[in-house]
Amino acid sequence: MYLSYVSRRFGIMLLVVFFAVTINFALPRMMPGDPIESQLNQLLASGGGAVGDVGAMVESYRARFGLDQPIWQQYLAYWQSVFRLDLGSSLTNYPERVSDAILGGLPWTLGLLGFATLISFAIGTLLGGLMGWPRAPRAVRGFGSAVALLSSVPYFLIGMILLYLFAIVFRIFPAGGGMPFGMSPGLNWPAIQGILWHGTLPALAIIIAEVGAWALGMRGMMVSVLGEDYITLADAKGLKPKRIFLWYGMRNALLPQLTKLALSLGHIASGAILVEVIFSYPGIGFRLYQAIQSKDYFVIQGIVLLLSVSIAIAMFILDLIYPLIDPRITAKGK
Amino acid sequence: MDRFLFAAAGLYRNKSLLFGLLILTTIVLVALIGPLLVDGTLSRVGATVPRQPPSGAHWLGTDAQGRDMLTVLILAMPQTLKIGLAAGLISLSAGVALGLIAGFVGGFIDTVIRLASDVMMTIPGIAILVLVASNVREMTVELMAVIVASLSWMVATRTIRAQTLSLRERGYVQIARLNGSTGLKLIFVEVLPNLLPFIAASFVITVSSAMLATIGLEALGLGPQNELTLGMTIYWSQFYGAIIRGMWWWWGPPIVAISLIFIGLMLTSAGMDSFVNKRAGTS
């Protein structure tokens with residue numbers, strides 16, 4: 001059963017990668033006109049700072065696309081370049097390779113996302129457990145419902161309010177960037193401090209919006225777990241409420257909560273992109289925004305490809321792990 | 001009359017649905033009536049003195065290009081709702097049709113539809129949207145709705161498919177089938193009316209996810225540049241650094257409006273969910 005579950009998940013991952021690469025290949029070709037010239041013309045018309053030899057740029061892209069070859073050969077060539085991680089060069093910073101531009105932003109995004117997701121998961125799960133626990137104080141439930149309402153608001157709107165309050169009105173946190181100006185990242189105390197200081201507000205925006213979603217899911221699970229017979233038995237045996245809550249309630253309600261993580265990965269990543277834009281945070285999302293602003297098509301394409309492929313792989317890995325911690329999943333997936 | 005009272009009593013007990021519908025109704029009313037009461041010329045560039053904080057003459061101040069923000073806000077509301085509703089309707093119709101087909105026909109077609117919706121759910125919507133939107137020459141409100149709709153049909157498909165599978169085995173459907181009802185008649189007379197609560201619930205979720213995608217795209221600068229929507233207002237305020245300049249009246253009201261729309265949709269969805277599930281449990 002595990003094998004058929006894994007092969008189905010693996011198939012879906014392959015399909016997603018195939019679909020993402022094909023769309024990346026097909027979309028610019030479906031538009032009327034020469035893709036390179038139209039992109040370059042748009043770039044020049046908008047006054048995007050194309051420094052360097054424009055003729056050489058057109059040549060290099062034409063050779064890369066091999067636009068004189070039949071379409072299926074172009075398609076195969078595109079797959080080859082994707083496997084070599086050769087995503088072309090940036091149009092605005094011409095010699096810079098797209099893969100380098102992405103690699104530069106990746107650690108920032110992964111750090112921010114990982115940190116914010118972990119914290120919101122921990123707080124939200126605990127809060128949701130308490131919301132479903134009849135003996136919890138009323139104030140917890142009131143607070144939980146208020147936070148749950150916030151979970152429907154897009155992250156970046158909360159980010160804008162935080163930015164205004166804590167960086168402009170009260171100048172507690174910096175208004176943007178990933179670290180203090182002129183500092184270079186490294187494993188020394190001032191650099192780490194600077195990174196944490198700059199990351200606080202963006203992370204907080206994601207956490208505030210995300211806690212409610214985790215809390216809502218956990219409350220639902222907790223309520224259904226507390227209706228089980230073994231909880232009644234534990235109660236009848238005279239176990240301490242704290243013990244019932246943690247070891248009989250939370251522990252069993254936690255597993256489905258973990259599986260929700262895979263489903264929300266895409267949602268969290270999309271939300272984080274816009275948070276980065278608001279805080280000029282030097283991750284993938286902000287690069288994407290800059291690329292859209294300067295119509296740097298190959299960077300847009302590269303980031304989009306990276307996003308869809310990496311989320312597909314991450315989901316597959318999570319899908320592999322879940323049945324090992326919760327055998328009910330393969331049984332249900334059948 | 002009795003039926004009306006019964007519905008009113010149910011609504012009174014379901015606080016979440018009541019507040020959700022109340023918020024949404026208020027917003028729709030403002031969006032419908034508001035544009036009749038304001039002077040549209042005030043929303044044009046250079047109509048008034050730029051960068052004015054709220055005052056008696058301009059209740060919500062003016063932006064960096066001299067637009068009256070109250071007028072902009074009121075004119076942007078119907079446009080934003082239009083994208084959300086249009087995208088929601090398109091993807092709902094596609095979702096219901098696909099869900100019914102998958103549930104009724106089964107077999108290979110069911111497998112293909114399920115696989116397609118699983119794959120689409122894995123791909124981060126915003127990634128594909130960014131790609132499509134950056135390839136389009138000129139974005140309009142209508143085009144925006146179509147693009148967003150193409151990526152939000154999956155929830156409806158899954159819900160309707162699951163319900164169709166359970167409905168078609170029910171006794172009354174079997175009896176109708178034995179009485180000689182076939183294909184389309186069976187679907188439209190026996191099954192579809194019983195799916196209505198689920199269709200309504202899916203609609204709210206679909207509109208909500210479509211609006212989330214729309215506002216995200218607009219904030220990235222890929223929205224309709226020449227039209228007034230709430231998301232584009234946020235984008236321009238961000239573009240001209242309104243936060244750093246302390247012009248809270250520029251981005252604050254659109255944030256409140258957008259948040260109210262989402263909170264209203266969420267409350268409605270949560271309220272409908274308890275209603276729909278109770279019904280599914282007892283029938």
>> For the condition exposed (fewer than 15 other Cβ atoms within 10 Å of the Cβ), modelled with pLDDT under 80 and either over 30 Å from residue A:292 (Cα atoms) or under 24 Å from the mean Cα position of the chain (by Cα) (or both), what is the one hit in B:115, B:196, B:184?
In response: B:184
>> Of all residues being more than 15 Å from the chain's Cα centre (by Cα) and of a type in the set (Val, Ile, Thr) in the stretch A:263-294, which is farthest from residue A:165 (Cα to Cα)? Just the residue, please.
In response: A:292
>> For a quick check of your reading: which helices (runs of 4 or more DSSP H) sit entirely within the stretch A:1-78 and have at least 1 residues that are modelled with pLDDT under 80, within 14 Å of residue A:92 (Cα to Cα) and within 14 Å of chain B (Cβ to nearest Cβ)?
In response: A:35-45
> Regarding residue B:252, is this residue at positive phi and either without any contact (Cβ under 8 Å) to a residue 12 or more places away in the chain or in contact with a Lys or Arg (Cβ under 8 Å, 6 or more places away or on another chain) (or both)?
Replying inline: no
>> If I ask for residues that are under 21 Å from residue A:216 (Cα atoms) and free of Cβ contacts under 8 Å to residues at least 60 places away in the same chain, which ones from the stretch A:243-263 would you list?
In response: A:244, A:246, A:247, A:248, A:251, A:252, A:260, A:263
> Of these, B:62, B:140, B:122, which one is among the hydroxyl-bearing types (Ser, Thr, Tyr), modelled with pLDDT under 90 and farther than 27 Å from residue A:28 by Cα?
Replying inline: B:62
> Residues in the stretch B:141-185 that are farther than 25 Å from residue B:210 by Cα and in a helix (DSSP H, G or I): how many?
Replying inline: 14
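Looking only at the stretch B:256-273, how many residues end up being within 19 Å of residue B:229 (Cα to Cα) and facing another protein chain (nearest Cβ under 8 Å)? Don't jump to the end; show me each part of the working.
Taking the stretch B:256-273 first, the residues within 19 Å of residue B:229 (Cα to Cα) are B:256-265.
Now narrow it down to the ones that are facing another protein chain (nearest Cβ under 8 Å): B:258-259, B:262-263, B:265.
Residues flagged as within 19 Å of residue B:229 (Cα to Cα) and facing another protein chain (nearest Cβ under 8 Å) within the stretch B:256-273 amount to 5.
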> Which residues, counting only those in the stretch B:54-108, are free of Cβ contacts under 8 Å to residues at least 40 places away in the same chain, in contact with a Leu (Cβ under 7 Å, 6 or more places away or on another chain) and among the hydroxyl-bearing types (Ser, Thr, Tyr)?
Replying inline: B:71
> Name the residues in the stretch B:225-251 that are closer than 20 Å to residue B:30 by Cβ and either among the aliphatic types (A, V, I, L, M) or crowded, with 20+ Cβ neighbours inside 10 Å (or both), would you?
Replying inline: B:228, B:229, B:230, B:231, B:232, B:233, B:234, B:249, B:250, B:251
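Picking from A:261, A:274, A:318, which residue would you name as being buried (at least 22 other Cβ atoms within 10 Å of the Cβ) and closer than 24 Å to residue A:121 by Cβ?
Values: A:261 fails: buried (at least 22 other Cβ atoms within 10 Å of the Cβ); A:318 fails: buried (at least 22 other Cβ atoms within 10 Å of the Cβ).
The conditions single out A:274.
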> Can you spot a residue in the stretch B:34-53 that is within 23 Å of the chain's Cα centre (by Cα) and under 27 Å from residue B:264 (Cα atoms)?
Replying inline: yes
> Going by the conditions given, is residue A:119 within 18 Å of residue A:306 (Cα to Cα) and in contact with a helix residue (DSSP H, G or I) (Cβ under 6 Å, 6 or more places away or on another chain)?
Replying inline: no
> What number of residues within the stretch B:116-135 are at the interface with chain A (Cβ under 7 Å from one of its Cβ atoms), of a type outside the set (S, T, N, Q) and part of a helix (DSSP H, G or I)?
Replying inline: 9
>> When the residues of the stretch B:186-225 are narrowed to those that are in contact (Cβ under 8 Å) with a residue 60 or more places away in the chain and assigned to a loop (DSSP other than H, G, I, E, B), which ends up farthest from the other protein chains (Cβ to nearest Cβ)?
In response: B:224
>> Take the residues in the stretch B:142-168 that are away from chain A (no Cβ under 14 Å), touching a Gly at 6+ places or on another chain (Cβ under 9 Å) and hydrophobic (A, V, I, L, M, F, W, C); name whichever of them is nearest to residue B:94 (Cα to Cα).
In response: B:153
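Residue-wise test of (1) of a type in the set (D, E, K, R); (2) within 24 Å of the chain's Cα centre (by Cα); (3) buried (at least 21 other Cβ atoms within 10 Å of the Cβ).
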site	(1), (2), (3)
A:172	no, no, no
A:184	no, no, no
A:188	no, no, no
A:200	no, yes, no
A:204	no, yes, no
A:214	no, yes, yes
A:228	yes, no, no
A:240	yes, no, no
>> Which of the numbered conditions does residue A:97 fail, given that it passes all the others? Conditions: (1) under 30 Å from residue A:58 (Cβ atoms); (2) exposed (fewer than 14 other Cβ atoms within 10 Å of the Cβ); (3) of a type outside the set (A, V, I, L, M).
In response: (2)
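Residue-wise test of (1) in contact with an Asp or Glu (Cβ under 9 Å, 6 or more places away or on another chain); (2) within 14 Å of chain B (Cβ to nearest Cβ); (3) in contact (Cβ under 8 Å) with a residue 24 or more places away in the chain.
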{"position": "A:82", "(1), (2), (3)": "no, no, yes"}
{"position": "A:85", "(1), (2), (3)": "no, no, no"}
{"position": "A:104", "(1), (2), (3)": "no, no, yes"}
{"position": "A:114", "(1), (2), (3)": "no, no, no"}
{"position": "A:136", "(1), (2), (3)": "no, no, no"}
{"position": "A:139", "(1), (2), (3)": "no, no, no"}
{"position": "A:147", "(1), (2), (3)": "no, yes, yes"}
{"position": "A:157", "(1), (2), (3)": "no, yes, no"}
{"position": "A:166", "(1), (2), (3)": "no, yes, yes"}
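The values are calculated or read from the model by the stated rules, or taken from the named source; none is laboratory data. Quick caveat, the model's predicted, so the values are computed rather than measured. Methodologically, a virtual Cβ is constructed for each residue, glycine included, from the backbone with ideal geometry; neighbour enumeration extends over all protein chains shown.
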